[in-house]
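The values are calculated or read from the model by the stated rules, or taken from the named source; none is laboratory data. A quick note: this is a predicted structure, and the numbers were derived from the prediction, not measured. Please note: Cβ atoms are built from the backbone with ideal geometry, for glycine as well, and neighbour counts cover all protein chains shown. Heads up: the accessible areas ignore ligands, DNA and RNA and are worked out on the full protein's heavy atoms, side chains in. Shrake-Rupley method; radii C 1.70, N 1.55, O 1.52, S 1.80 Å.
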Amino acid sequence: MVTDATSSPVAAAARRILEANAYLTLATADAAGRPWATPVWFAVRDLREFVWVSRPSRRHSENIAARAEVALAVYDTTTPVGDATAVYAEGLAEPVPEDAIDDALAVYNAGCEASGLRPWAEGSVTGAAPHRLYRAVASHLWVLDEREDRVEVY
């Protein structure tokens, strides 16, 4: 019997962490391999697609243009030392393609509205606007357990 990895207890823990936190740390590298990490406000769909808004001229966005491989970490900084909870992921990132803008913007705006933030209009992330929607599709996802070990979700 095949089970859906996103319905397991570990996936439920990942979902709780992602729903409780607004920022992820996005780790990128440029074409020469120089690393860069930056926080971005994000929304997520199905534990696989992480969506954020950024300017194409920012270092992490330029790195994504040069090298799509990324790593993500979402952790609760309010927990005491020793009680950390976190989600880690690796995958590929890109500016959201034109034919997927509506769908990705719906994901992002659902997160905005749930947080009491104004939704973004399509014109705010297309055309001459300074921002673009980005997404990372995770190929692997882990949760930090009570022993501070990474437990694979998928």
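The table below lists the values:
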{"item": "Candidate residues Ser124, Ser57: accessible-area rank, largest first, probe 1.4 Å", "result": "Ser57, Ser124"}
{"item": "GNM flexibility winner over the chain from Ala11, Ala114, Ala22 (Cα, springs under 10 Å)", "result": "Ala114"}
{"item": "Residue-normalised accessible area of the chain, given per residue in Å² at a 1.4 Å probe", "result": "55"}
{"item": "Net +/- balance of residues flanking Asp30 in space, Cβ distance below 13 Å, scoring K and R +1, D and E -1", "result": "+2"}
{"item": "Computed FRET value (nearest 0.05) for Ala129 with Asp83, which takes r as the C-beta separation and R₀ as 35 Å", "result": "0.30"}
{"item": "FRET efficiency for Arg34 and Glu94, using Cβ-Cβ distance with R0 set to 25 Å, rounded to 0.05", "result": "0.80"}
{"item": "Solvent-accessible surface (1.4 angstrom probe) belonging to Leu117, in square angstrom, nearest 10", "result": "80"}
{"item": "Accessible surface of the chain, 1.4 Å probe, proportion on carbon and sulfur as whole %", "result": "53"}
{"item": "Kirkwood-based shape ratio for the chain, expressed as Rg/Rh from alpha carbons", "result": "0.97"}
{"item": "Order of exposure, largest accessible area first, which applies to Tyr134, Tyr154, Tyr88, Tyr23 with probe 1.4 Å", "result": "Tyr23, Tyr88, Tyr154, Tyr134"}
{"item": "Value of [θ]222 nm, deg cm²/dmol, for the chain, DSSP H segments ≥ 4, -39500 (n - 2.57) each, nearest 500", "result": "-6500 deg cm²/dmol"}
{"item": "Euclidean distance of C-alpha centroids, the stretch 115-147 and the stretch 1-75, integer Å", "result": "8"}
{"item": "Largest to smallest accessible area among His140, His60 [probe 1.4 Å]", "result": "His140, His60"}
